[in-house]
Amino acid sequence: MFVYEKSPVYGNPIVDKSLKYAIRIVKLYKYLVKNDKDLTAVYNQLLKSGTSIGANISESQGATSTRDFISKLGISLKEGFETDYWLQVLYGSEILEEKEFKSLNSDNKELLKLLISIIKTSKNKSN
């Protein structure tokens, strides 16, 4: 029998938050594509950037150096900014309702703040 957790918990706040955020992005993507296939290219952009945040954070956990760690988190940060852009596009185009947008955008901003803080702290420690 296959046993799994729907949303695993790793005990690292940013890893856990980014995983939950990626799951929300995937569910939003599935909903959007199901209801409007015409904008699949735009939805794909959100899916890629929104899930890449957590993927790169997870990858940073196996970094071989502080420089590598900071680099991976830097990629996550860039993906977070791109996700913010796509959320703004979908909200401005009236595809996302205000409640959905505010919730997703708030979680994204929280991840961005955490990433900026971790990157700054890591850079200060390495100097």
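The numbers here are math on the coordinates, done by the rules we state, and not lab data. Keep in mind that this is a model prediction, so the values were computed, not measured. Every residue, glycine among them, receives a Cβ derived from its backbone with ideal geometry; neighbour counts consider all protein chains shown.
For this structure, a couple of remarks:
- Count of the stretch 85-100 residues which are assigned to a helix (DSSP H, G or I) and buried (at least 17 other Cβ atoms within 10 Å of the Cβ): 4
- Residues in the stretch 78-98 that are closer than 16 Å to residue 18 by Cβ and among the hydroxyl-bearing types (Ser, Thr, Tyr): 83 only.
- Residues in the stretch 31-60 that are over 16 Å from residue 86 (Cβ atoms) and among the basic types (Lys, Arg): 34, 37.
- So residue 47, is it crowded, with 19+ Cβ neighbours inside 10 Å, free of Cβ contacts under 8 Å to residues at least 40 places away in the same chain and of a type in the set (A, V, I, L, M, F, W, C): yes
- Residue in the stretch 101-109 that is closer than 21 Å to residue 20 by Cβ, part of a helix (DSSP H, G or I), touching a Phe, Trp or Tyr at 6+ places or on another chain (Cβ under 6 Å) and not hydroxyl-bearing (Ser, Thr, Tyr) present: yes
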